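What follows is calculated from the coordinates using simple rules that are stated; it is not laboratory data. Model, not experiment: these values are computed from the prediction. When we count neighbours, we look across all protein chains shown, and the Cβ atoms used for this are built from the backbone with ideal geometry, even at glycine.
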Amino acid sequence: MPANHTWFRSFYLIIFCCFITACNNSVKHAAAKKEADLYVLTDNITAIGDPRKVLPYIDSVFNAQKSKTPYLRAGRLMAYANYYYRIGLYPKGVPYIDSATAILDVQNLNDTSWTEPYCSAYNLKGSILNGMSNYKLAMDSYFKVKEFAEKADNACRIMNQVNNSIGHILYKQQKYEDAKKYFKMALRQLLGCSAIKYKVNAEQELLDNIALCFSKQNNADSGLAYYRKALYEIAKRPNNFSADPMVNKDSRETAQGIVYGNIAQILVKQNKLDSAELLFKRNIALNGIRFKAARKDAQLSQMYLADLYNLRQQYPKMKLMLADLRQNLDTLKNDKVELGWRRLMAEYYSKNNLPLEQIKYYNGYISLKDSLDEAQMAVNEADITQEFKAQSAQLEIKLLQKDNQLSHLYLWITIWLSLMALIIVALVYYYYRQGKKNIRTLTMLNSEIGEQKDKLEFAVVELEKSNTDKERILRVVAHDLRDPIGGAATLINTVINEVMPDEYEKQSLNLVEKTLANSLMLINELVELDLGKEHILLNKELTDINETVKHCAALMQLIAAKKSQKVQSSTLSKPLNVYIDSDKIERMLNNLIGNAIKFSPAGETIGIELERKDKAVLIAVKDNGIGVPSQLQTEVFNTLGATRRAGTAGEKSFGLGLSICRQIAEAHNGRIWVQSEPGSGSNFYVELPL
């Protein structure tokens, strides 16, 4: 059965104290100490098993009050009903709780000061009827609580109790999925409710009840998860069960014992019998000597442990456990455990070949089982689901009636707001017409100012663009003239300072002349170049691509020699005329070879290879330099100056060359790309159509 601990039952006794507190001011302060004494004394007397002084003490406190208000009279009756509920004499509590609710029913329930006692009374009535298995009337009481609970200051606590009680009813009817839903609702309300002081006890109870539902549905994993969560909450906050240290310790150990016993039942089903035996024994040790509900839980563990010994064929242990259980049952009646005890006794004598004793206990088992099955059948026949629907419908009708009253109120409020809105609109329109002329004038002035501002902004943008274009032109000139002029300077230095054959000297001077002529033509082109559009004009003619490559290799060898590098060209076996602008192609190749020199270590070789394809010629410039990182390989050919890196000897980089190469290749309807691995060199490819 789901757990239902003392904290829930004790709540109703506090109500009597609250009723006394609410009496007229002339007696309120005089009764304050007696109210506190009443709660402490009553709770302690029932806890130690001497309830005979409870009712006389309640009467003495009641009689001491001069003014017998409805609060006080209803509170005394509820205290009586709660007393009989706590000792399990439910029918004796019925007339008292009926009288208490009769007093509360005639009060002005629109006065919220009556909400909490009203909800508490009907909650107690539902609990008493629930204990008597009168579920239909219990549900009537619970739905009365639901109707008014939202008005209470501690609505979350009241709804937590109601949903928990409904879960217990559904569990008794073996409707475990529905019961689990209500226990989970009660748990959510508990965790979000500041009105419940000692939450751990209640939280452990609800976690345990949810786990029981999973276990009954043969969902062992989910059941164990909730049981472990319950143990974790108990261990995490061991002092949050009660304000009384002794009660706190007892409640905490009782809660642990209940969880241990429930886990053990699952472990038996999983055939983990050693662990199950240990947990059953811990349950018996913790709960076997405590109050009534805990002792009944310990009785269950004794029964299950005896059954476990039966499974293991440990019949002497089984006999001893059944004897202990018999002594326990003789002092505390428990029909469910009594039934199990008779069955196990019959099985014990069957296993020990004592048929007469077996038949005696088996007949007793059958007799008790029939009566219990008949009672359970009556419980199951009560269609609580239909009762839920009917009560929910009634509650919905009442809520709709309240909504209708609110709607009329909202209608009058809307009418007054509409009239006020019309007055405001009229005033706004009047001032709008008055200010319209001024707005028109201001708009014209703002328009003129905006036009002047736009013109100034446009002039600034154009000026910035012009400055940017000039800067880019200078950078391109500096970049593209650096290599050819550097090569020419090297040749002139060689001619001046070294003795060489006349033919070689003439050849070198011709190379200088051609280089300088190309550089001059390049300067003229760049001065006229519209960099904003990045447009290149071509002067195409049939040119032997072999000679173009050889000329570039010879010129750039002079640059490479400064880093002790070599430039080697591998041309085609036969001349190949291609329709190109040779100056632009040389400029492109010089840039590619110059980059290879710049980004290769000293002493390396740069290779230039030519390959003829069907309709194109492929030029490859290969080096063993630092390579191009993969994240930059798609960026190096982009807009001028997009990427810059220093060379291996610290050479400055303008980030322009590859962008110019791309423009030249695309102007020839060709394409350019790179294949590279960082640290393993780079291969730049240019494909030009024949």
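For the listed residue pairs LYS181/LYS269; LYS136/LYS369; LYS146/LYS184; LYS175/LYS369, the alpha carbons are over 19 angstrom apart in LYS181/LYS269; LYS136/LYS369; LYS175/LYS369.
Between LEU576 and ILE545, ASN546, the built amide H atoms are under 5 Å apart, and every one of these is 5 or more places off in sequence or on another chain.
Kirkwood radius and radius of gyration were both taken over the C-alpha atoms of region 104-156, and their ratio Rg/Rh is 1.00. Remark on VAL567: its backbone amide H falls under 5 Å from those of ILE606, a criterion applied only to residues 5 or more positions apart or on other chains, H modelled at 1.01 Å from N. Electrostatic tally near VAL94: other residues with Cβ closer than 15 Å to its Cβ, Lys and Arg +1, Asp and Glu -1, net +2. Between amide H atoms placed 1.01 Å from N, distances below 5 Å from ARG671 occur with GLU687, all of them 5 or more places distant or on a separate chain.
In terms of its alpha-carbon gyration tensor, region 68-179 comes out oblate; a/c meets the 1.5 threshold, while b/c is at least as large as a/b. Once you have a ≥ b ≥ c as the square roots of the Cα gyration tensor eigenvalues for region 249-382, tell me rounded if a/c is under 1.5, and otherwise prolate or oblate according to whether a/b is larger than b/c. Judged from the Cα gyration tensor, region 249-382 comes out oblate (a/c at least 1.5, b/c at or above a/b).
With r as the distance between the Cβ atoms of LEU137 and GLN107 and R0 = 25 Å, compute the FRET efficiency 1/(1 + (r/R0)^6) and round to 0.05. Efficiency computed from Cβ-Cβ geometry: 0.70. Between LEU442 and ARG73, the contour length at 0.36 nm per residue exceeds the Cα-Cα span by 125.0 nm. Computed 3J(HN,Hα) for region 82-98, one whole-Hz value per residue from the Karplus formula 6.51 cos²θ - 1.76 cosθ + 1.60 where θ = phi - 60°, is 5, 4, 5, 5, 5, 8, x, 9, 4, x, 5, x, 4, x, 5, 6, 5, glycine and proline marked x. Seen from ARG612, the other residues with C-beta closer than 12 Å to its C-beta sum to a net charge of -1, counting Lys and Arg as +1 and Asp and Glu as -1.
Sites listed here are chymotrypsin sites (Phe, Trp or Tyr not before Pro) in region 267-367 whose DSSP assignment is loop and whose Cβ has at most 13 other Cβ atoms within 10 Å, and the list is empty. Principal semi-axes of the equivalent ellipsoid, √(5λ) from the alpha carbon gyration tensor of region 539-689, are 24, 18, 13 Å from largest down. Coordinate range of the alpha-carbon atoms in region 545-605 per principal axis, descending: 36, 23, 15 Å.
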